[in-house]
1. Relative to the Cα centre, what is the charge dipole magnitude of the range 27-128, using +1 at the beta carbon of each Lys and Arg, -1 at the beta carbon of each Asp and Glu, and rounding to the nearest 20 debye?
2. Got the relative contact order for the range 27-128 handy, in percent, Cα pairs under 8 Å and 6 or more residues apart?
3. Neighbouring Cβ atoms within 10 Å as the yardstick, rank 95, 61 fewest first.
4. Over 22 Å between Cα atoms, which of 45/103; 60/101; 77/123; 34/81; 31/103; 31/101 qualify?
5. May I ask for the percentage of alpha-carbon pairs in the range 46-131 that lie more than 22 Å from each other?
6. From the residues 29, 41, 67, which one has its Cα farthest along the dipole of the range 27-128 in the positive direction, the dipole being from +1 and -1 charges on Cβ of Lys/Arg and Asp/Glu about the Cα centre?
7. Once fully extended, how much extra length lies between residue 83 and residue 112, figured as 0.36 nm per residue of separation less the alpha-carbon to alpha-carbon distance?
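Every read-out reported here was derived from the displayed coordinates using simple, explicitly stated rules and does not represent laboratory data. Just so it is clear, the structure is predicted and the values come from calculations on it, not from any experiment. For neighbour counting, all protein chains shown are included, and Cβ atoms are generated from backbone atoms with ideal geometry for every residue, glycine included.
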Amino acid sequence: MRVVKTLGLAVLLLLGASIAGYGQDMPGWVKVVKTAAGPVLGDAKGMTLYTFDNDTAAGKSVCNGPCAQNWPPLVAKAGAKPEGDFTVITRDDGSKQWAYKGKPLYTWAKDTKPGDITGDGFKNVWHIVKY
């Protein structure tokens, strides 16, 4: 029994090492999340991140008011600096939001647990961020 537990722990450690290396080029507040659609980007809690087709100008969010209540922007904390493909944009209200490759990032209020992708394809303008 002890050998099985030790072997199981070794396998978990190896898997953990490969998973940790999987998202090495990303900031610490972003996770690669397993979903039914494959690996996607998620926030620090593992909630799926989305982009909005109507955000046509690089670095500009047009999702405000009720839209931002349903699709909460991925907030960038004060003093946040760009990291690789991740940049900080300024929203219309002056708050800061993370963007990936110029596209503002959002979560979806109706996703209830990490790995949910219920907003993917919503009104044909909301999409998961595949990794």
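1. With Lys and Arg at +1 and Asp and Glu at -1, about 200 debye.
2. Numbers: 201 pairs, mean separation 33.2, N = 102.
Normalised by residue count, the contact order of the range 27-128 is 33 percent.
3. Details: 95 14, 61 25.
Fewest-to-most ranking of 95, 61: 95, 61.
4. Working: 45/103 20 Å; 60/101 12 Å; 77/123 30 Å; 34/81 27 Å; 31/103 17 Å; 31/101 16 Å.
77/123; 34/81, as the Cα separations exceed 22 Å there.
5. Details: 676 of 3655 pairs.
It works out to 18 percent of all Cα pairs.
6. 29
7. Gain in length upon complete extension: 7.7 nm.
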